[in-house]
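Contents: one structure, followed by commentary.
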Amino acid sequence: MAALDQAETPDADTREIGDVLLRVDRISLYFGGVRALNNISFEVREHEILAIIGPNGAGKSSMLNVINGFYHPQEGTITYRGKTRSRMRPYQAAAQGIARTFQNIALFKGMSTLDNIMTGRLLKMHQPFWMQALYWGPAQREEIEHRKFCEEIIDFLEIQHIRKTPVGRLPYGLQKRVELGRALAAQPTLLLLDEPMAGMNVEEKEDMCRFILDINEEFGTTIALIEHDMGVVMDISDRVVVLDYGRKLADGPPDSVRSDPAVVSAYLGVGHD
Ligand SMILES: Nc1ncnc2c1ncn2[C@@H]1O[C@H](COP(=O)(O)OP(=O)(O)OP(=O)(O)O)[C@@H](O)[C@H]1O
Ligand SMILES: [Mg+2]
């Protein structure tokens, strides 16, 4: 799957694994009187799998929404690939190589798996809209290339059998996989996954873990994921950030976070849905 590789990104060759890819610096986000994020700072390093954990309402999804420009924090900055910003639009984040999946699946339910994944390529299409509409000349050649690329993603995610199926007819676990495919179609440098395994059975979770690890290893993609299943978090993440009521409780390798007394009392000891 060389085509999915990160070689296209401009400075992929010059960055070393372990450099800071994204820095969250003193971010605060309020919704009226609710402080969803309170002075949060952490780093995402090139090529790592970072897990963001915490109880319901801790601010995890809000954090991803700040990183990819859906929410604009009242305080603090995000530095991504050396560029600092306090606000940005989602399409700008996408153009800079940040792709994501959502806690509540956001797919076009009436469209096929392949067509949904194709929507993830839109930012990569260069031919003008009128040429694409006429499906003419260079636009036709371009679309064929994009389709080929998306077929590779479909093979990679082992969803060939549902490539023509409208996603609204698919079971939840497969819809999650299609959404991952759409995010991959953008060839992201940073992939944000909001509860990619929620609602899945054990077998589906194992498959999803394998895909996440393969994406990270084979394509060098940096991954920040929100996950409630602590077994999964401990198994696949390089580092863990723990949020609790908008505050950061801990940040470090899984083992040290797991034994952190503040984390144990606030989160790990508490049951979850
Ligand atoms: N768009 C919004 N408008 C108002 N309040 C919001 C909005 N988004 C999030 N919040 C509030 O911010 C807080 C953090 O919510 P967030 O969704 O980030 O938590 P979470 O850690 O992702 O929780 P969960 O595990 O349930 O998904 C909550 O109190 C939530 O009600
Ligand atoms: Mg959430």
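Just one residue in the set Gly252, Gly246, Gly231, Gly220 is assigned by TED's automatic domain parsing to the domain that holds Ser41, surrounded by fewer than 19 Cβ atoms within 10 Å (Cβ to Cβ) and closer than 20 Å to Asn68 by Cα; that residue is Gly220.
Cβ-Cβ contacts under 6 Å between residues 6 or more apart (or on different chains), taken from a first residue in segment 42-61 that is assigned by TED's automatic domain parsing to the domain that holds Cys209 to a second residue that is among the charged types (D, E, K, R) and near ligand 1 (Cβ under 8 Å from one of its atoms), are listed as Ile52/Lys60; Gly54/Lys60; Ser61/Asp194. What about Asn38, is it over 17 Å from the mean Cα position of the chain (by Cα) and either among the β-branched types (Val, Ile, Thr) or under 27 Å from Pro254 (Cα atoms) (or both)? Considered against the rule, which asks whether it is over 17 Å from the mean Cα position of the chain (by Cα) and either among the β-branched types (Val, Ile, Thr) or under 27 Å from Pro254 (Cα atoms) (or both), Asn38 comes out as yes. Counting only residues that are of a type in the set (A, V, I, L, M, F, W, C), at pLDDT below 90 and farther than 24 Å from Glu206 by Cβ, segment 233-272 holds 5 of them. Give segment 38-93 a look and list any residue that's of a type in the set (Ser, Thr, Tyr) and part of a strand (DSSP E or B), or say none. Answer for segment 38-93, where residues must be of a type in the set (Ser, Thr, Tyr) and part of a strand (DSSP E or B): Ser41, Thr77, Thr79, Tyr80, Thr84.
Against the conditions (1) buried (at least 16 other Cβ atoms within 10 Å of the Cβ); (2) part of a loop (DSSP other than H, G, I, E, B); (3) not aromatic (Phe, Trp, Tyr), Gln175 satisfies every one except (2). In segment 116-169, of all residues being closer than 28 Å to Asp207 by Cα, of a type outside the set (A, V, I, L, M, F, W, C) and not in a helix (DSSP H, G or I), the one that is modelled with the lowest pLDDT corresponds to Arg121. Residues that are within 24 Å of Glu217 (Cβ to Cβ) and of a type in the set (A, V, I, L, M, F, W, C) within segment 21-75 comprise Leu21, Leu22, Phe42, Val44, Ile49, Leu50, Ala51, Ile52, Ile53, Leu64, Ile67, listed in sequence order.
Within segment 96-106, which residues are crowded, with 23+ Cβ neighbours inside 10 Å and either more than 22 Å from Tyr80 (Cβ to Cβ) or touching an Asp or Glu at 6+ places or on another chain (Cβ under 6 Å) (or both)? Passing the criteria: only Thr101. Of everything in segment 184-232 that is touching a residue at least 24 places away in the same chain (Cβ under 8 Å) and among the β-branched types (Val, Ile, Thr), the residue that is nearest to ligand 1 (Cβ to nearest atom) is Ile226.
Scanning segment 69-91 for residues that are within 14 Å of ligand 2 (Cβ to nearest atom) and farther than 15 Å from Val34 by Cβ yields one hit, Phe70.
The values are calculated or read from the model by the stated rules, or taken from the named source; none is laboratory data. All values reported here derive from a predicted model rather than from experimental measurement. So basically every Cβ, Gly included, is an ideal-geometry build from the backbone, and we count neighbours across all protein chains shown.
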